[in-house]
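Working notes for the structure below.
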Amino acid sequence: MIRFSTAGESHGEALIALISGLPAGVHVDLEFINRELWRRQQGYGRGGRMKIETDKAHILSGVRHGKTIGSPIAIEIVNRDWKNWEEKLPVEAGDPAKHQAVASPRPGHADLAGALKYNFPDARYVLERASARESTSRVAAGAFAKLFLRALGMDVLSHVVRVGHVELERAAAWDEIVATAGKDEVMLACVDPAAEARMKEEVEEAARTGDTVNGVFEVVVHNVPAGLGTYANWDERLDGLLAWSVMSLQAVKAVEIGRGVTAAESFGSQVHDPIHYAVEDNGKPTRFTRPHNNAGGIEGGVSNGEDIVVRGYLKPISTLRRPLESVRFDTREPTSASYERSDICVVPAAGVAAEAMVALTIANVAQQKFGGDSLLELKRNFDSYLEQIRSY
């Protein structure tokens, strides 16, 4: 199995990602990994923290001479903001007078629930780990999963389909998604410039009123073969695994596979994807096809050969410049919620983090299905399976 874990706090010295289970021989492109980290920092409506940090991956183990070697991979991403917090959040006891408490919990954040759970007198330590800054480590780990999947011909990207009340009202072609992800200047990662301009106005309105804005991102896994995942056991269904992985991201409150929400409002004849069979000009069989992909590439917990499509629904960020009502931790008296430097809109960044989670999930089920301690061995198994599918 491909497994990963993360460590580190929002204002700690560094963030850490640890990945194990990748086969030996995967080419590691450090420039690609750092660009993935850069993409997570972009987007109109990001806060001041992104002006401080320049996230770069420092690989500590598991990679030699540009390739994975089969052992656990450790990655460090330094927090440049640590110099401003070293005395406020020391590892040692330090000076309690310099502790910067989060005195009143923010509605919608983990502040109160976390403080109650761990018996903290305020929410500082909760904030430090619950923060979406943690997703930086996930993006670093996910970049390795993407490199592994690319060796098998699969790719994972995202785009934004809604910000506030403005929605992309058409399907996005894969080439459009690729072009949007490849831009050096990221606005809101929408494939349609006119829709993106209206989305920008939503962010600006939230900024003017001291509010935050929600949205929806869509992650697409391109060129996935049929047969990943299984219906045999409830906890091995691919749609369930993907929903779990994307729902685990900060601020995601709902996950949709394909057009699942539309399907819940429609008759079966309107949403199920008819099955066709494509034949090449020379008469040789090609593959089963669908005229559309409402199922999002998954049926019965198994990939069906179409692109996998996963949407994440984001609530607005909890930290408001015009705070909501709250209560002080120490006196229990009414007050306004605490304010920490924060974002107004994070939908494009959340999409990049979701790409990482989806890539890690797909990479794990691919590793389980095709096996192999080296990429050469695994790819041999993978290519043999593709031939089985072609000749079915």
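Taking first residues from the stretch 156-177 that are farther than 17 Å from Asn294 by Cβ and hydroxyl-bearing (Ser, Thr, Tyr) and partners that are at pLDDT 95 or above and part of a loop (DSSP other than H, G, I, E, B), the Cβ contacts under 9 Å between residues at least 6 apart in sequence or on separate chains come to Ser158/Ala189.
Restrict the check to the stretch 35-46 and report whether at least one residue is at pLDDT below 95, surrounded by 16 or more Cβ atoms within 10 Å (Cβ to Cβ) and within 23 Å of Val126 (Cβ to Cβ). So far as the stretch 35-46 goes, yes, one or more of its residues are at pLDDT below 95, surrounded by 16 or more Cβ atoms within 10 Å (Cβ to Cβ) and within 23 Å of Val126 (Cβ to Cβ). All conditions but one from (1) at pLDDT 95 or above; (2) surrounded by 18 or more Cβ atoms within 10 Å (Cβ to Cβ); (3) of a type outside the set (Val, Ile, Thr) apply to Leu376; the one that does not is (2). Here Val191, Val220, Val255, Val246 are screened, and the one residue that is assigned to a helix (DSSP H, G or I), among the hydrophobic types (A, V, I, L, M, F, W, C) and modelled with pLDDT of 95 or more is Val246. Pairing each residue of the stretch 297-314 that is at negative phi and at pLDDT 95 or above with any residue that is surrounded by fewer than 21 Cβ atoms within 10 Å (Cβ to Cβ) and among the hydroxyl-bearing types (Ser, Thr, Tyr), provided the two are 6+ apart or on different chains, yields C-beta distances under 7 Å for Val302/Thr230; Val302/Tyr231.
If a residue has to be assigned to a loop (DSSP other than H, G, I, E, B) and either exposed (fewer than 12 other Cβ atoms within 10 Å of the Cβ) or out of contact with any strand residue (DSSP E or B) (no Cβ under 6 Å at 6 or more places or on another chain) (or both) to count, how many in the stretch 81-104 make the cut?
16
Looking across Leu18, Leu116, Leu112, one residue alone is modelled with pLDDT of 95 or more, over 19 Å from the mean Cα position of the chain (by Cα) and either assigned to a strand (DSSP E or B) or surrounded by fewer than 15 Cβ atoms within 10 Å (Cβ to Cβ) (or both). It is Leu116.
If the condition is being in a helix (DSSP H, G or I), more than 29 Å from Arg380 (Cα to Cα), out of contact with any His (no Cβ under 8 Å at 6 or more places or on another chain) and of a type in the set (A, V, I, L, M), then the stretch 134-188 contributes only Ala179.
The combined condition, being touching a helix residue (DSSP H, G or I) at 6+ places or on another chain (Cβ under 6 Å), farther than 14 Å from Ala141 by Cβ and in contact (Cβ under 8 Å) with a residue 24 or more places away in the chain, is fulfilled by Gly25. Could you tell me which of the residues Val63, Val78 is within 23 Å of the chain's Cα centre (by Cα) and surrounded by 13 or more Cβ atoms within 10 Å (Cβ to Cβ)? Being within 23 Å of the chain's Cα centre (by Cα) and surrounded by 13 or more Cβ atoms within 10 Å (Cβ to Cβ) holds for just one of Val63, Val78, which is Val78. For Val178, the test of being out of contact with any helix residue (DSSP H, G or I) (no Cβ under 7 Å at 6 or more places or on another chain), more than 23 Å from Arg35 (Cβ to Cβ), modelled with pLDDT of 95 or more and of a type in the set (Val, Ile, Thr) is failed.
Of the residues making up the stretch 119-140, those that are of a type in the set (Gly, Ala, Ser) and either buried (at least 24 other Cβ atoms within 10 Å of the Cβ) or in contact with a Gly (Cβ under 8 Å, 6 or more places away or on another chain) (or both) are Ala123, Ala130, Ser135, Ser137, Ala140.
For the stretch 258-269, a residue qualifies if it is more than 21 Å from the chain's Cα centre (by Cα), surrounded by 13 or more Cβ atoms within 10 Å (Cβ to Cβ) and part of a loop (DSSP other than H, G, I, E, B), and exactly one does: Ser266. Looking only at the stretch 222-242, filter to residues that are in contact with a Lys or Arg (Cβ under 9 Å, 6 or more places away or on another chain) and buried (at least 23 other Cβ atoms within 10 Å of the Cβ); which one of those is nearest to Thr289 (Cα to Cα)? If we take residues in the stretch 222-242 being in contact with a Lys or Arg (Cβ under 9 Å, 6 or more places away or on another chain) and buried (at least 23 other Cβ atoms within 10 Å of the Cβ), then Leu228 is nearest to Thr289 (Cα to Cα). The criterion of being modelled with pLDDT under 95 and surrounded by 14 or more Cβ atoms within 10 Å (Cβ to Cβ) holds for Ala207. Number of residues in the stretch 180-227 that are under 21 Å from Ile362 (Cα atoms) and over 20 Å from the mean Cα position of the chain (by Cα): the value is 3. Can you confirm whether the stretch 210-221 contains a residue that is surrounded by fewer than 18 Cβ atoms within 10 Å (Cβ to Cβ) and not basic (Lys, Arg)? For the stretch 210-221, residues surrounded by fewer than 18 Cβ atoms within 10 Å (Cβ to Cβ) and not basic (Lys, Arg): present.
The values are calculated or read from the model by the stated rules, or taken from the named source; none is laboratory data. Everything numeric in this text was worked out from a predicted model, so none of it was measured. Positions of Cβ are backbone-derived with ideal geometry, glycine not excepted, and every protein chain shown enters the neighbour counts.
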